[in-house]
Amino acid sequence: MDKDISVTLKVWRQRSPKEKGQFETYKIEKINQSVSFLEMLDILNEQLVNEGKEPIVFDHDCREGICGMCSLYVNGHPHGPATGATTCQLYMRRFNDGETITIEPWRSAGFPVIRDLMVDRYAYDKIIQAGGFTSVNTGGVPDANAIPIPKEDADLAMDAAACIGCGACAAACKNGSAMLFVSAKVSQLALLPQGKVEAARRAKAMVAKMDELGFGNCTNTRACEMECPKNISVSNIARLNREFICAKLQD
Ligand code: SF4
Ligand code: FES
């Protein structure tokens with residue numbers, strides 16, 4: 001049975017990318033544990049507005065674990081203490097009465113802070129753009145079974161495609177590496193015959209863009225896999241390395 005709890009929030013406030021930020025402390029009294037974490041922040045913002053203060057800026061969109069926007073570090077974990085879940089899927093029942101909760105933005109060179117808890121994750125979009133297109137022949141409707149795909153490959157491709165581009169992997173990594181994200185995006189296409197046509201160009205272009213944008217190298221700490229809300233496996237990183245080496249050998 002969910003009960004009402006009171007918590008103390010230590011929230012990162014930063015007015016602009018150039019200004020120095022600091023933690024500010026707020027109290028939330030008697031909030032029901034059935035309330036979601038983002039709803040709790042909405043309530044805090046209403047409180048702040050009623051007091052004539054600036055509300056806290058934070059990113060969100062779908063609130064259903066789909067869009068990857070809710071990029072919050074909660075108590076030292078990207079997306080908070082729940083495993084396999086985004087911040088928007090986190091509920092106050094994860095916290096205890098009287099607890100202090102620390103909320104920060106992603107801390108990664110690749111994701112500069114815009115304001116308070118909102119970061120610029122455009123770097124991931126640029127990597128996707130570098131990946132480019134997949135060739136599809138137009139014309140008559142092809143037979144659904146014209147290109148047989150082994151069930152195992154289809155499952156692995158779908159697992160990789162579950163990546164929502166949230167950025168938790170780079171935020172969790174001590175090197176600020178984007179390898180889990182890039183490997184998921186490369187794998188979802190490289191595993192399927194339809195994605196093989198541009199596979200070599202795609203792997204090289206996405207890795208080059210990742211390096212150009214300042215993301216760090218992977219040293220196999222697996223922090224990314226631990227914190228990923230979609231349980232993307234580091235086996236995708238091994239596949240990306242294979243795809244990249246094979247592409248380079250074709251040069
Ligand atoms: S691999 Fe996981 S943590 Fe990284 S962007 Fe995709 S969903 Fe987010
Ligand atoms: S708001 Fe869309 S995944 Fe959290």
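The values are calculated or read from the model by the stated rules, or taken from the named source; none is laboratory data. Remember, predicted model here, so these are calculated numbers, not experimental data. Quick reminder, even Gly has a Cβ in these numbers, built from the backbone with ideal geometry, and neighbours come from all protein chains shown. For the accessible areas, the whole protein counts, side chains as well, though only heavy atoms, and no ligand, DNA or RNA atoms are used. Shrake-Rupley method; radii C 1.70, N 1.55, O 1.52, S 1.80 Å.
Among the residues of the range 17-50, those identified as among the small types (Gly, Ala, Ser) and either at pLDDT below 95 or closer than 18 Å to Gly80 by Cα (or both) are Ser34, Ser36.
Of all residues in the range 93-112, those satisfying the criterion of being within 13 Å of Ala170 (Cβ to Cβ) and not polar (S, T, N, Q) are Pro105, Trp106, Arg107, Ala109, Gly110, Phe111, Pro112. Total residues in the range 84-110 satisfying the condition of being part of a loop (DSSP other than H, G, I, E, B), away from ligand 1 (no atom under 11 Å from the Cβ) and in contact with a helix residue (DSSP H, G or I) (Cβ under 8 Å, 6 or more places away or on another chain): the figure is 4. Which of the residues spanning the range 208-251 are within 22 Å of Asp155 (Cβ to Cβ), open to solvent by 50 Å² or more (accessible area, probe 1.4 Å) and part of a loop (DSSP other than H, G, I, E, B)? Within the range 208-251, Arg222, Lys230, Asn231 qualify. If you filter the range 162-190 down to residues that are more than 10 Å from ligand 1 (Cβ to nearest atom) and open to solvent by 20 Å² or more (accessible area, probe 1.4 Å), you find that the one that is farthest from Arg239 (Cα to Cα) is Lys174. Here Ser36 fulfils each of the conditions (1) more than 14 Å from ligand 1 (Cβ to nearest atom); (2) hydroxyl-bearing (Ser, Thr, Tyr); (3) open to solvent by 20 Å² or more (accessible area, probe 1.4 Å) apart from (3).
So, Arg115, is that one buried (at least 18 other Cβ atoms within 10 Å of the Cβ), charged (D, E, K, R), away from ligand 2 (no atom under 16 Å from the Cβ) and closer than 20 Å to Ser16 by Cα or not?
Working: buried (at least 18 other Cβ atoms within 10 Å of the Cβ): yes; charged (D, E, K, R): yes; away from ligand 2 (no atom under 16 Å from the Cβ): yes; closer than 20 Å to Ser16 by Cα: yes.
Yes, satisfied.
Yes/no per residue for (1) part of a helix (DSSP H, G or I); (2) touching a residue at least 60 places away in the same chain (Cβ under 8 Å); (3) closer than 23 Å to Phe58 by Cα; (4) more than 22 Å from the chain's Cα centre (by Cα):
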| position | (1), (2), (3), (4) |
| --- | --- |
| Gly140 | no, no, no, yes |
| Ile149 | no, no, no, yes |
| Met158 | yes, no, no, no |
| Ile164 | no, yes, yes, no |
| Ala171 | yes, yes, yes, no |
| Val182 | yes, no, no, no |
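For the range 125-134, the count of residues that are in a strand (DSSP E or B), modelled with pLDDT of 95 or more, in contact with a Gly (Cβ under 9 Å, 6 or more places away or on another chain) and within 16 Å of ligand 1 (Cβ to nearest atom) is zero.
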